[in-house]
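Novice: Please see the structure below; I have some questions.
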Amino acid sequence: MKILKINHLGIAVQSIEQGRKFWSDVLGLEFAGAETVEEQKVTTAFFPVGESEVELLESTAADGPVAKFIEKKGEGFQHVAFQVENIAEALEELKEKGIKLIDETPRIGAGGAKIAFLHPKATGGILVELCERG
Ligand code: ZN
């Protein structure tokens with residue numbers, strides 16, 4: 001597997017509107033737009049930082065994965081996303097290595113990227129996302 005860079009850091013927030021006050025108003029990061037991914041019950045907002053981005057995640061439903069995360073752990077750092085050259089190949093390699101995956105096959109995330117999550121039990125407690133941009 002070839003990891004190209006950290007694509008983004010995912011940060012769970014109660015409210016993107018509130019979260020923007022720190023990331024945009026205080027740190028001066030440009031708000032590059034928001035997008036709702038219905039399947040994941042989440043709205044994501046992106047703030048480019050050099051070649052990577054900060055992604056704020058706000059749940060659209062009380063039973064969504066981000067709402068559950070905040071319920072358990074509170075707001076804050078939720079996942080790191082590595083951009084890979086070929087996500088299908090990367091997932092095959094991880095399966096061969098016996099790594100527990102949340103997504104056995106890639107699905108479509110924000111911005112039309114192919115994404116897949118690794119299980120935190122297999123990574124030392126960090127939720128790791130792989131993504132491939134077309
Ligand atoms: Zn992400």
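The values are calculated or read from the model by the stated rules, or taken from the named source; none is laboratory data. Keep in mind it's a predicted model, so treat the numbers as computed, not measured. Using ideal geometry, Cβ is built from the backbone for each residue, glycine included, and neighbour counts are taken over all protein chains shown. The accessibility values were calculated without ligands, DNA or RNA, using every heavy atom of the protein model including side chains. Shrake-Rupley method; radii C 1.70, N 1.55, O 1.52, S 1.80 Å.
Novice: Using a basic spin-label model with each label point 7 Å from the Cα along Cα→Cβ, how many nm lie between Lys5 and Glu96?
Specialist: Computed distance between label sites Lys5 and Glu96 equals 2.8 nm.
Novice: So, one more: Measuring from centroid to centroid over Cα atoms, what is the spacing of region 105-134 and region 60-76 in Å?
Specialist: 18
Novice: So, in nm, how far is label Gln18 from label Ala32 when the simple model puts each one 7 Å beyond its Cα toward the Cβ?
Specialist: 2.6
Novice: Subtracting the Cα-Cα distance from 0.36 nm times the residue separation, let me have the gained length for Ile126 to Glu51 in nm, one decimal.
Specialist: Roughly 24.8 nm would be gained on extension.
Novice: After finding the eigenvalues of the alpha carbon gyration tensor for the chain, what semi-axes result from the square roots of 5 times each, listed largest first in whole Å?
Specialist: 25, 17, 13
Novice: Report in % the part of the accessible area of the chain that belongs to carbon and sulfur, leaving out ligands and nucleic acids; probe 1.4 Å.
Specialist: 52
Novice: Towards the positive end of the charge dipole of the chain, with charges on Cβ (+1 Lys, Arg; -1 Asp, Glu), say which of Pro120, Leu29, Ile11 has the farthest Cα.
Specialist: Positive-end residue among those listed: Pro120.
Novice: Per residue, what accessible area does the chain have, given a 1.4 Å probe and all protein chains present, in Å²?
Specialist: Accessible surface, normalised per residue, equals 55 Å².
Novice: Dipole magnitude of region 3-132 about its Cα centre, charges +1 at Lys/Arg Cβ and -1 at Asp/Glu Cβ only, in debye to the nearest 20?
Specialist: In total the dipole reaches around 460 debye.
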